[in-house]
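What follows is calculated from the coordinates using simple rules that are stated; it is not laboratory data. For clarity, every value in this text was computed on a predicted model and none was experimentally measured. A quick note on method: Cβ atoms are made from the backbone with ideal geometry, for glycine too, and the neighbour counts reach across all protein chains shown.
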Amino acid sequence: MAENIIIHKVGIILNGVTGRMGTNQHLMRSIVEIIKQGGVPCGSAEFIMPDPVLVGRDEVKLRKLAQLSGVGKWTTNLDEVMKDPSYQIYFDAQTTGRRADAVKMAAMAGKHVYCEKPVAVDTATALELYEVCEKAGVKHGVVQDKLFLPGMLKLKRLMENDFFGKILSVRGEFGYWVFEGFNIPAQRPSWNYRKEDDGGIIVDMLCHWRYVLDNLFGNVKGVFCLGATHIPERVDEHGNVYKCTADDAAYATFELEGGIIAHFNSSWVTRVRRDDLLTLQVDGTKGSAVAGLRECWTQHYGNTPKPVWNPDIPSPINFFEGWSKVPEQESFGNAFKVEWELFLKHVVKDEPFRWTLLEGAKGVQLAEKGLESWAKRSWVEVPPL
């Protein structure tokens, strides 16, 4: 006898998905793909099916995006869909400065809240959003996509199997050259480089490094961060030259609980000669690993070469040859889609989801402390939230 199939239809307000990340990762590669696969399985004959509506301020962009994605519903009237009880989830991918008011409105309307990082422009507001959602009794979460990248998951598996022994240090290299727009079009939006529009790489990336470090290696205790605006002028989307008022590079050192030292270089003005746009090197007493977005390479203590400093001769050691690629032992999905599925199961089936707005507030806090460190040219403690 065939099982009765149960479909949980979940209305989702997708606000701000006309931007690059909203369109590519959240709409096309997450929600649309979940719909195509027949929903999120949560049992042998039980599925969660998203029912999205696109929301934004630009009717032309929304109409085009609806045609591209196959999502039939769209509107510029956020107030109207907030009042509609058929939408249980509010997702926010707007620019950071617009997020707080919309999240508060959603929580007070009884919507579960899921949003991009940074969750707010400052720590006080981020904590307020967490408290508003808690008081309203709605479920809430923040995007922490790097945790679900194949390379990071392989790294986590190595840690679970005690590959590293005692972890000593973590070194992150992130970034690439973002063209200024004079001759070659820029591949990032202009607001990223304007402080008055909540731009800057410290605000953007230290949120990521906070949850990566906290979840994999230990809670961040302190930070020294130096930012820089290396490129003073760029060209915006309309062909106009503008002054860059936000940082385009950041060089940050973190102390973690347990004594691990981490350092991350984050830059939109660097050229890539490494395995990926993001690499994370972990060094331990028993071995080391370098993880990229998808791959991970290891070198055990027994395979560690013994170099001797001698700049007068060519190196007799090919240092890359001593590293082994971690094999594909399991399949991995798109990182954003994986977290979307976890959040949907959290809302519908009450499954655990620890990446809450409080975790998002910790990311904002570290970015704020990074900016404080830069301004003071000093080490800054990061108190627990």
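DSSP finds beta bridges in the chain, and of those with both partners inside it, around 55 percent are antiparallel. Rounded to the nearest 20, the size of the Cβ-charge dipole of segment 116-156 about its Cα centre is 360 debye, with Lys and Arg at +1 and Asp and Glu at -1. Between Ala45 and Tyr301, the simple label model (points 7 Å from Cα in the Cβ direction) yields a spacing of 5.5 nm.
Here the Kirkwood formula, the inverse mean of 1/r across different C-alpha pairs, assigns segment 268-328 a hydrodynamic radius of 13.4 Å.
Dipole of segment 1-79 computed with +1 at Lys/Arg Cβ and -1 at Asp/Glu Cβ about the Cα centre; of Phe47, Val60, Gly72, farthest Cα towards the positive end is Val60.
Out of all DSSP beta bridges with both ends in segment 1-78, state the antiparallel percent to the nearest 5.
Of the beta bridges lying entirely in segment 1-78, close to 15 percent run antiparallel.
In the chain, taking the dipole from charged Cβ atoms about the Cα centre, the farthest positive-side position among Pro307, Ser266, Val223 is held by Pro307. DSSP bridge analysis restricted to segment 151-309 gives an antiparallel fraction near 85%, rounded to the nearest 5.
Taking only the C-alpha atoms of the chain, Rg followed by Dmax gives 22.2, 78 Å.
Of the cross-linked pairs Lys156/Lys221; Lys117/Lys376; Lys337/Lys369; Lys221/Lys306; Lys9/Lys36, those separated by over 23 Å at the C-alpha level are Lys117/Lys376; Lys337/Lys369; Lys221/Lys306.
Compare the peptides 40-48, 220-228 by average per-residue count of other Cβ atoms within 10 angstrom and give them in order, highest first.
220-228, 40-48
Between helix 123-136 and the chain there is an angle of about 40 degrees, using the helix long axis and the longest principal axis of the Cα atoms. With the charge dipole of segment 78-164 set up from +1 on Lys and Arg Cβ and -1 on Asp and Glu Cβ about the Cα centre, the Cα lying farthest toward the positive end among the listed residues Val143, Met159, Ala106 is that of Met159. Computed over all pairs of different Cα atoms, the Kirkwood value for the hydrodynamic radius of segment 149-270 is 15.9 Å. Centroid-to-centroid, using Cα positions, segment 248-270 and segment 333-357 are 28 Å apart. With the simple spin-label model, which puts each label point 7 Å out from Cα in the Cβ direction, the Asn265 to Phe179 separation comes to 2.4 nm.
Taking Rh as the Kirkwood radius, which is the inverse of the mean 1/r over Cα pairs, what is the Rg/Rh value for segment 237-385?
1.03
How much length is gained on full extension from Glu33 to Met159, taking 0.36 nm per residue of separation minus their Cα-Cα distance?
That pair, Glu33 and Met159, stretches by 42.2 nm at full extension.
Classify segment 299-360 as rounded, prolate or oblate from the Cα gyration tensor: take a ≥ b ≥ c as the square roots of its eigenvalues, call it rounded if a/c is under 1.5, otherwise prolate when a/b beats b/c and oblate if not. Verdict is prolate for segment 299-360. In summary, the aspartates and glutamates within cross-link reach of Lys345, defined as a Cα separation below 14 angstrom excluding same-chain residues under 8 places away, comprise Glu46. Computed from Cα atoms, the angle from the helix 99-108 axis to the main principal axis of the chain rounds to 50 degrees. Counted by Cβ distance under 14 Å from Gly258, the other residues give a net charge of -1, where Lys and Arg count +1 and Asp and Glu count -1. Seen through its C-alpha gyration tensor, with square-root eigenvalues sorted a ≥ b ≥ c, segment 36-153 comes out rounded because a/c lies under 1.5.
Only Lys, Arg, Asp and Glu carry charge here, each on its Cβ (+1 for the first two, -1 for the last two); on that basis the chain has a dipole of about 300 debye about its Cα centre. In the chain, the longest principal axis of the Cα atoms and the axis of helix 335-349 are about 50 degrees apart. Calculated on the alpha-carbon coordinates, the convex hull of segment 1-87 measures out at 92 cubic angstrom per residue.
The dipole here belongs to segment 119-277: it is taken about the Cα centre, uses +1 on the Cβ of Lys and Arg and -1 on the Cβ of Asp and Glu, and is about 540 debye.
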